[in-house]
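Student: Just passing along the structure, written as structure tokens.
The values are calculated or read from the model by the stated rules, or taken from the named source; none is laboratory data. This one's a predicted model, so the numbers in the text were calculated from it and none came from an experiment. Glycine also receives a Cβ, built like all others from the backbone with ideal geometry; neighbour counts cover every protein chain displayed.
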Amino acid sequence: MIAIELWRCEYPARCKQAACTVNATVIARYVDGQGRTLHQFEYCEKHARVLARTRPDVKDMREPV
């Protein structure tokens, strides 16, 4: 089972969504059933919210601000 964890992005990167030029603030980390990272993408806040809304297996790992 693959799940997605949302983490705070602490390094400079651009959003990986096509044609988006906003700086990334979120890392979407795809993990297997034992928590090992399979791959990850950097997203802006807007596209991270879209991902969280459209996928039932997203867990937000960021601390509340």
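Student: Do you know which residues across the range 20-51 are of a type in the set (Gly, Ala, Ser) and modelled with pLDDT of 95 or more?
Tutor: 24, 28, 48
Student: Could you list all residues from the range 14-60 that are exposed (fewer than 13 other Cβ atoms within 10 Å of the Cβ), in contact with an Asp or Glu (Cβ under 9 Å, 6 or more places away or on another chain) and in contact (Cβ under 8 Å) with a residue 24 or more places away in the chain?
Tutor: 38, 59 - these are the residues of the range 14-60 that are exposed (fewer than 13 other Cβ atoms within 10 Å of the Cβ), in contact with an Asp or Glu (Cβ under 9 Å, 6 or more places away or on another chain) and in contact (Cβ under 8 Å) with a residue 24 or more places away in the chain.
Student: Let me ask another. Say we look at the range 1-13 and pick out the residues that are surrounded by fewer than 13 Cβ atoms within 10 Å (Cβ to Cβ) and in a loop (DSSP other than H, G, I, E, B); which of these is modelled with the lowest pLDDT?
Tutor: 1
Student: Residue 63 fails exactly one of the following numbered conditions: (1) surrounded by 18 or more Cβ atoms within 10 Å (Cβ to Cβ); (2) assigned to a loop (DSSP other than H, G, I, E, B). What is the number of that condition?
Tutor: (1)
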